[in-house]
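The values are calculated or read from the model by the stated rules, or taken from the named source; none is laboratory data. Values in this document were obtained by computation on a predicted structure and should not be read as measured data. All Cβ positions, glycine included, derive from the backbone under ideal geometry; neighbour counts span all protein chains shown.
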Ligand SMILES: Nc1nc2c(ncn2[C@@H]2O[C@H](COP(=O)(O)OP(=O)(O)OP(=O)(O)O)[C@@H](O)[C@H]2O)c(=O)[nH]1
Ligand SMILES: [Mg+2]
């Protein structure tokens with residue numbers, strides 16, 4: 001990175017459009033554009049212009065007109081990169097942009113690398129690293145939720161919290177080190193209990209941030225929900241009833257469904273990959289057996305298991321076997337066919353054996369209880385996540401740094417409890433501080449910074 005170099009790139013996407021922009025940034029930006037731009041009003045001097053649009057033409061070095069343009073000048077430090085920036089607003093066609101850029105590049109200006117404008121904004125202190133990453137997230141946002149998260153991050157909400165936690169750690173370190181330097185004085189009286197309380201507070205904040213990452217991921221990536229149960233319980237009927245169309249084949253023959261059938265289905269903003277599976281039972285039929293093997297694999301990967309029971313036949317050995325297979329996972333027990341019979345009490349015992357999972361009585365045929373089933377599914381997948389508020393942590397990189405800081409502080413807490421000497425604890429405290437610094441960039445190395453900006457698009 002050579003900040004004394006002036007760089008340029010086309011900042012708008014390739015293709016046809018109303019406008020296309022050539023962006024130039026660096027110490028020579030104004031001087032270079034002055035040489036290729038003729039303002040319509042010849043009295044205008046670009047050197048005197050700031051944050052104004054000037055109408056005129058760009059031409060090549062032989063004086064041939066390239067395009068009719070508006071030029072915007074934004075002077076350092078009040079620009080995107082904090083350097084002098086000039087944007088040439090051309091017509092949005094391939095050739096005008098190509099010729100304009102090529103002409104600018106003949107004058108000792110270098111083509112910008114992907115993300116280099118934003119990288120300069122970061123290196124010049126206009127954005128921290130988390131905010132710079134938010135720029136890329138904002139451009140790539142595909143859902144309103146990810147857009148909201150990117151905007152909050154760009155506004156510095158995450159950075160603010162992380163910086164506060166870093167400050168807390170630093171003042172803790174200072175107090176501990178003062179104690180080490182002046183052990184006989186009263187300076188920074190820091191017993192292990194005070195240290196543990198303060199580390200505990202920081203840990204709590206870190207846990208909240210990590211939880212918000214899990215919530216955000218749920219909304220972004222969704223969860224796989226698997227309908228499983230014995231043959232003929234009504235899994236396929238329930239799948240169709242939830243999707244509100246006849247996706248899966250339903251017959252009165254047990255063993256109808258052979259393959260795993262998946263369909264995406266959104267409940268309250270959470271994308272569920274809903275899977276109907278083959279009923280679980282002992283079988284001599286090789287096709288059915290292969291289907292059952294697939295059911296088992298789907299169950300292993302499931303983020304939610306909807307166990308389908310049959311009120312008409314009651315609880316059987318197959319139900320108990322499935323329960324032991326999925327025990328410990330997020331499960332909802334749906335007792336189907338309640339239009340035919342009242343569920344026997346054994347279903348409650350089955351649910352109790354599944355850590356008291358939610359039980360919902362439904363009928364895939366009449367539609368009774370479906371809203372309650374959806375409610376139980378949502379509550380089970382969102383269990384423990386933050387309700388309502390927009391999650392703060394969107395990037396896996398940030399979650400990893402937070403997780404590392406949390407692990408280090410947990411070790412500090414455990415060691416303080418075991419009576420370790422305080423000076424040995426400062427090492428982990430300092431490392432936790434550095435881990436947090438990777439989020440905002442205060443502790444990020446050149447390699448990490450390069451890797452982050454390499455993923456940006458050209459011209460940003
Ligand atoms: N009365 C009543 N019948 C139902 C209900 N749900 C399903 N059925 C019937 O039960 C039979 C089996 O339904 P499916 O949905 O194919 O059952 P399944 O669990 O997918 O069965 P397999 O694919 O064989 O494992 C069909 O005849 C359905 O019409 C219900 O809520 N009430
Ligand atoms: Mg089926």
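Answer yes or no as to whether residue 411 is within 30 Å of residue 193 (Cα to Cα) and assigned to a helix (DSSP H, G or I). Judged against the criteria, residue 411 is a match.
I'd like to check something: does the range 132-139 contain any residue that is more than 30 Å from residue 102 (Cβ to Cβ) and modelled with pLDDT of 90 or more? Yes, because at least one residue in the range 132-139 is more than 30 Å from residue 102 (Cβ to Cβ) and modelled with pLDDT of 90 or more. Just one residue in the set 125, 156 is at pLDDT 90 or above and closer than 30 Å to residue 28 by Cβ; that residue is 125.
It is to be established whether one or more residues within the range 344-358 are part of a helix (DSSP H, G or I), in contact with a helix residue (DSSP H, G or I) (Cβ under 9 Å, 6 or more places away or on another chain) and within 30 Å of residue 151 (Cα to Cα). No, the range 344-358 has no match at all.
Every condition in (1) in contact (Cβ under 8 Å) with a residue 40 or more places away in the chain; (2) more than 19 Å from residue 231 (Cβ to Cβ); (3) within 14 Å of ligand 1 (Cβ to nearest atom) is met by residue 276 except one, and the failing one is (2). Going through (1) out of contact with any strand residue (DSSP E or B) (no Cβ under 7 Å at 6 or more places or on another chain); (2) assigned by TED's automatic domain parsing to the domain that holds residue 239; (3) surrounded by fewer than 17 Cβ atoms within 10 Å (Cβ to Cβ) one by one, residue 417 falls short only on (2). Screening the range 219-229 for residues that are more than 14 Å from residue 396 (Cβ to Cβ) and not in a strand (DSSP E or B) and picking the one that is farthest from ligand 2 (Cβ to nearest atom) gives 219. When residue 164 is tested against (1) farther than 30 Å from residue 221 by Cα; (2) modelled with pLDDT of 95 or more, only condition (1) is not met.
Checking 146, 212, 237 one by one, the residue that is in contact (Cβ under 8 Å) with a residue 12 or more places away in the chain, part of a helix (DSSP H, G or I), crowded, with 16+ Cβ neighbours inside 10 Å and in the same structural domain as residue 313 (by TED's automatic domain parsing) is 237 and no other.
Quick one: which strands (runs of 3 or more DSSP E) lie wholly within the range 1-75 and hold at least 3 residues that are farther than 17 Å from residue 120 by Cβ?
Working: elements: 7-10, 17-25, 37-39, 53-59, 65-74.
By residue number, 17-25, 37-39, 53-59, 65-74.
Considering only the range 215-259, state which residues are more than 34 Å from the chain's Cα centre (by Cα) and more than 6 Å from ligand 1 (Cβ to nearest atom). 230, 249, 253, 258 - these are the residues of the range 215-259 that are more than 34 Å from the chain's Cα centre (by Cα) and more than 6 Å from ligand 1 (Cβ to nearest atom). Is the range 190-203 home to any residue that is more than 28 Å from residue 326 (Cα to Cα) and part of a loop (DSSP other than H, G, I, E, B)? Among the residues of the range 190-203, at least one is more than 28 Å from residue 326 (Cα to Cα) and part of a loop (DSSP other than H, G, I, E, B), which makes the answer yes.
Restricting to the range 230-254, give me the number of residues that are under 19 Å from residue 340 (Cβ atoms), within 9 Å of ligand 2 (Cβ to nearest atom) and touching a helix residue (DSSP H, G or I) at 6+ places or on another chain (Cβ under 6 Å). Selection size over the range 230-254: 1. When the range 16-65 is filtered for residues that are under 16 Å from residue 96 (Cβ atoms) and free of Cβ contacts under 8 Å to residues at least 12 places away in the same chain, the ones remaining, listed by number, are 64, 65. Scanning the range 298-346 for residues that are at positive phi and out of contact with any strand residue (DSSP E or B) (no Cβ under 6 Å at 6 or more places or on another chain) yields a count of 2.
The rows are residues; the columns are (1) part of a loop (DSSP other than H, G, I, E, B); (2) in contact with a helix residue (DSSP H, G or I) (Cβ under 7 Å, 6 or more places away or on another chain); (3) in the same structural domain as residue 363 (by TED's automatic domain parsing); (4) more than 13 Å from ligand 1 (Cβ to nearest atom).
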| site | (1), (2), (3), (4) |
| --- | --- |
| 291 | no, no, yes, no |
| 295 | no, no, yes, no |
| 299 | no, yes, yes, yes |
| 306 | no, yes, yes, no |
| 309 | no, yes, yes, no |
| 319 | no, yes, yes, no |
| 324 | no, no, yes, yes |
| 328 | yes, no, yes, yes |
| 333 | no, yes, yes, yes |
